[in-house]
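Down below is the structure, laid out as structure tokens.
The values are calculated or read from the model by the stated rules, or taken from the named source; none is laboratory data. As the structure is a prediction and not an experimental result, all values here were calculated from the model. The accessibility values were calculated without ligands, DNA or RNA, using every heavy atom of the protein model including side chains. Shrake-Rupley method; radii C 1.70, N 1.55, O 1.52, S 1.80 Å.
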Amino acid sequence: MSAETPAEAGQFTRRRLQFRAWRGTRPFWAGLFVLLGGFPIMYFPYAHLKLGHLTLAMATTAGAGSLIIGVLLIVLGISLWFQKHIRVFAGVAAILLALVSIPVSNFGGFVMGFLLALIGGAMAVAWVEGAPPAREDAERAGPVRGGAPEAAPGPVPSGPAVDPMSDEGPSQAFKALGENDLSGTSPANGANGRQSAG
């Protein structure tokens, strides 16, 4: 018998794919950056660095403030993982805490914690959950029995076909729209996407 069992390899792959699916439905990297940004902010005011026989104490008068900011950033990072609907609040709070950490805790944990929390907060605010991919099987199967009837395709306009590569220009291609176009943005009426007050 071999020392390796195929069940363990399959289980590792399955767990990895489960984690990947879980990670894809939430602002995982934003939470990780915010969480990691809390550690240097919280650590450096209480650190004692030794250089030979010389001990450097980094403690400041605002050591308690640094501890609070660091703990709040760690909590915000974890909450981004498990409560994705508060991503905007957590992102803005992480950005504000990162900015407050500059004067309070040794330039935001020697700029490391500040940058991690700032980038993580911006990523949290910018994150949007993607739409699930459309199933091709449902599209090929056609309408579902008992479902709403689909609209029949409308009549095809019977105008002269215009080649988009011809020298006639875009205004000729949209000539069929003419005065019946109410969008106000077609090249036929010269608007080109700009609304005119009128």
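When the chain is fully extended, how far beyond the present Cα-Cα distance does F12 get from F39, taking 0.36 nm per residue of separation?
6.7 nm
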- Largest-first ordering by accessible area, 1.4 Å probe, given options L73, L99: L99, L73
- Enter the accessible area of M42 (Å², nearest 10), with the probe set to 1.4 Å and all protein chains included. 40
- Message: Just to verify a number: what accessible area does T25 come out at with the full protein assembly present, 1.4 Å probe, Å² rounded to tens?
- Response: 50
- Message: 5 Å is the cut-off here: which amide hydrogens, built 1.01 Å from N in the peptide plane, fall below it relative to R26, excluding neighbours closer than 5 in sequence?
- Response: none
- With all protein chains present and a 1.4 Å probe, the order of H53, H48, H85 from largest accessible area down is H53, H85, H48
- Item | Karplus-derived 3J(HN,Hα), 6.51/-1.76/1.60, for each residue of region 97-112, Hz, glycine and proline x | 5, 5, 5, 5, 5, 5, x, 7, 10, 6, 6, x, x, 6, 6, 5
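Rank these residues by their accessible area, most exposed first, probe 1.4 Å: V88, V104. Present the calculation step by step, with values, prior to reporting the outcome.
Details: V88 70, V104 40 Å².
Final ranking, largest accessible area leading: V88, V104.
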